Amino acid sequence: FPLFEQASSNLIEIATNLHEAVNLPLKEREVLFQKIDTLEQKGEDITRQTNLELSRNFITPFDREDIHSLIKAVDNVADYMHSAASKMRLYQVEKITKSIRKLTEINLEACQLIAVGIKELKEMNHKSIKETCKKINKLESKADSVFDKAVADIFENENDAKNIIKYKEVLSALESASDKCKSVSNVMEQISVKHS
């Protein structure tokens, strides 16, 4: 559980830095992007550590495959947020759209809920886990509609093909991060159901 908690607070840090970065001018984002690189690496280390513990420990708080699925799902969220940051940096995305801001905000909220869910798993508070997962799933649906609308807007209002590709790549990574938050929520629900 300490490792799950470290992994989820690391997610919140990545999401917070990403959300702050999209609210800054291009030149000031680099510091936050470097922080995200470091945090993503830290996430990989936590995942590796968790898998090591799995191979060492005989008694686990819940099924081994569930532990593996949960840490992998959390790691996937970090990977996609890191990917979004890398793309913004790589493509020098100057103008940050409202949709990009909205998606980073949704992801931050979902990551905070993941941390809540993980704390509730420790107590096996089934009702709260279910509520938390419901909220994460709702956020994921919201992210889908923000993404669809944003892509439609780009095709409608952007004439430069290069910009269309840049924005679509960044939006896709952010939307995938919210999909991965939903995957974490699914794993948490499965664990809860098994133990109820």
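Observations
- Among the residues of the range 45-97, those that are open to solvent by 30 Å² or more (accessible area, probe 1.4 Å) and aromatic (F, W, Y) comprise F58, Y80, Y91.
- Test: residue in the range 69-85 that is part of a helix (DSSP H, G or I), free of Cβ contacts under 8 Å to residues at least 24 places away in the same chain and either more than 17 Å from E20 (Cβ to Cβ) or more than 17 Å from the chain's Cα centre (by Cα) (or both): no
- Residue check for A150: in contact with a Leu (Cβ under 8 Å, 6 or more places away or on another chain), closer than 19 Å to E5 by Cβ and modelled with pLDDT of 95 or more: no
- Long-range neighbours under 6 Å by Cβ, at least six apart or interchain, first residue more than 20 Å from I59 (Cα to Cα) within the range 1-15, second among the β-branched types (V, I, T) and surrounded by 18 or more Cβ atoms within 10 Å (Cβ to Cβ): Q6/I46; A7/I46; A7/V74; S8/I114; S8/I118; L11/V77; I14/I36
- Filter result for the condition that a residue is farther than 22 Å from E158 by Cβ and either at pLDDT below 95 or aliphatic (A, V, I, L, M) (or both), over I96, I67: I67
- Residue within the range 71-88 that is farther than 22 Å from Y167 by Cβ and hydroxyl-bearing (S, T, Y) present: no
- Residue in the range 11-21 that is hydroxyl-bearing (S, T, Y), modelled with pLDDT of 95 or more, part of a helix (DSSP H, G or I) and surrounded by 15 or more Cβ atoms within 10 Å (Cβ to Cβ) present: yes
- Screening the candidates K162, K102, K134 for the property of being in contact (Cβ under 8 Å) with a residue 12 or more places away in the chain, in a helix (DSSP H, G or I) and open to solvent by 20 Å² or more (accessible area, probe 1.4 Å) yields one hit, K102.
- Considering (1) assigned to a helix (DSSP H, G or I); (2) under 27 Å from S145 (Cβ atoms); (3) without any contact (Cβ under 8 Å) to a residue 24 or more places away in the chain, the lone condition that E28 does not fulfil carries the number (2).
- Within the range 168-180, at least one residue is assigned to a helix (DSSP H, G or I), at pLDDT 95 or above, among the basic types (K, R) and surrounded by 21 or more Cβ atoms within 10 Å (Cβ to Cβ).
- Any chance A143 is of a type outside the set (K, R), free of Cβ contacts under 8 Å to residues at least 24 places away in the same chain and either open to solvent by less than 10 Å² (accessible area, probe 1.4 Å) or out of contact with any helix residue (DSSP H, G or I) (no Cβ under 7 Å at 6 or more places or on another chain) (or both): no
- Across the range 86-99, the number of residues qualifying as in contact with a Phe, Trp or Tyr (Cβ under 8 Å, 6 or more places away or on another chain) and not in a helix (DSSP H, G or I) comes to 2.
The values are calculated or read from the model by the stated rules, or taken from the named source; none is laboratory data. Remember, it's a predicted structure, so these values are computed and weren't measured experimentally. Please note: Cβ atoms are built from the backbone with ideal geometry, for glycine as well, and neighbour counts cover all protein chains shown. The accessibility values were calculated without ligands, DNA or RNA, using every heavy atom of the protein model including side chains. Shrake-Rupley method; radii C 1.70, N 1.55, O 1.52, S 1.80 Å.
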